[in-house]
């Protein structure tokens, strides 16, 4: 958060909201010299930028150099997120906004960008020691504390109401009614995502998995983030439910088929669900969530145009995040390196990199 605050304020905001140049990049801002110039936008957006960066940390946990992650965070919050965020949220003159692309609160802009960056990072850093056997078998490495993980998801869930509801960018009159609808459809999708993952894991593994259910709640939230201002409650329920099923399938595919060690399923919960949340607007989204007859999706009166625009936007964000993340990580790999030594990894990064125990309990 500290890195994101300084880098986004100093560099990223100008690239996102400065004078538009050709619809792809903005240049210049007076936020340095005029505290009142868009201060509310800076504060709101720097939290989004920090979110995109933190998604990456989960995928590469347990083996990545702290210095490497800090430097990557600088590039994510100063360049990668701001430039692509401006493609839509700058408004008129931004190439995706001008094409009618919809991403109300960031399924692609924040979560797909962070999720794809996380997947690229996990590939380049490599798996944790012992994750995969010589025969390709997968060895489970359980999380250290599911209780804290559960608490973390509850905190995220609560914060998402500000994430999505705040994206209405106004409160009062009709805006308060629409913001309330955004918050409610977010709640429905999150609950549906948790149930979808719970049921899927119960069928798939024979037992209801808490970790998969937690990922399902996150996936449900991500799945509705793009369409929370363009989805009926029923549409949000279905979007979140499918997101919950998708996250379980994606985690299994990434780990067992692709042999990529994404420690917490960051790509699946944010990247895959973010892509799905963007696409679903073109399936059963509405222009006005208060009026189900204003369908813009192919299943509720719209045509394929919106679906194509949503697919184009999702593809653009994924390609941008993948290409830029690879470039930054490649340079870091050739200079300071990406991961710690085997000795440091086995001894624990908390002790060896920071000189402190995360859990102050002696074995």
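Would you confirm, using the coordinates I've provided, whether residue 100 is buried (at least 22 other Cβ atoms within 10 Å of the Cβ) and modelled with pLDDT of 95 or more?
The answer is no for residue 100.
Out of the residues in the range 316-363 meeting the condition of being part of a loop (DSSP other than H, G, I, E, B) and at pLDDT 95 or above, tell me which one is farthest from residue 141 (Cα to Cα).
Restricting to residues being part of a loop (DSSP other than H, G, I, E, B) and at pLDDT 95 or above, the top hit is 336.
Test residue 146 against the stated conditions and say whether it is at negative phi and over 14 Å from the mean Cα position of the chain (by Cα).
yes
Conditions tested, residue by residue: (1) within 30 Å of residue 238 (Cα to Cα); (2) without any contact (Cβ under 8 Å) to a residue 40 or more places away in the chain; (3) out of contact with any strand residue (DSSP E or B) (no Cβ under 7 Å at 6 or more places or on another chain); (4) surrounded by 13 or more Cβ atoms within 10 Å (Cβ to Cβ).
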| residue | (1), (2), (3), (4) |
| --- | --- |
| 274 | yes, no, yes, yes |
| 283 | yes, yes, yes, yes |
| 290 | yes, no, yes, no |
| 311 | yes, yes, yes, yes |
| 320 | yes, no, yes, yes |
| 333 | no, no, yes, yes |
| 341 | no, yes, yes, no |
| 349 | no, no, yes, yes |
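Which one is nearest to residue 285 (Cα to Cα), of the residues in the range 219-256 that are in contact with a strand residue (DSSP E or B) (Cβ under 8 Å, 6 or more places away or on another chain) and surrounded by fewer than 24 Cβ atoms within 10 Å (Cβ to Cβ)?
Here the residue is 232.
Mind checking whether some residue in the range 248-261 is within 28 Å of residue 179 (Cα to Cα) and assigned to a helix (DSSP H, G or I)?
Looking through the range 248-261, none of the residues is within 28 Å of residue 179 (Cα to Cα) and assigned to a helix (DSSP H, G or I).
Only one of these conditions is not met by residue 141: (1) surrounded by fewer than 16 Cβ atoms within 10 Å (Cβ to Cβ); (2) touching a residue at least 40 places away in the same chain (Cβ under 8 Å); (3) touching a helix residue (DSSP H, G or I) at 6+ places or on another chain (Cβ under 7 Å). Which number is it?
(3)
For the range 78-97, which residues satisfy the criterion of being crowded, with 24+ Cβ neighbours inside 10 Å and assigned to a loop (DSSP other than H, G, I, E, B)?
Selection gives 96 alone.
The values are calculated or read from the model by the stated rules, or taken from the named source; none is laboratory data. Predicted model, so just to flag it, every value in this text is computed and none were measured. Reconstructed Cβ throughout: ideal geometry from the backbone, glycine too, with neighbour counts over all protein chains shown.
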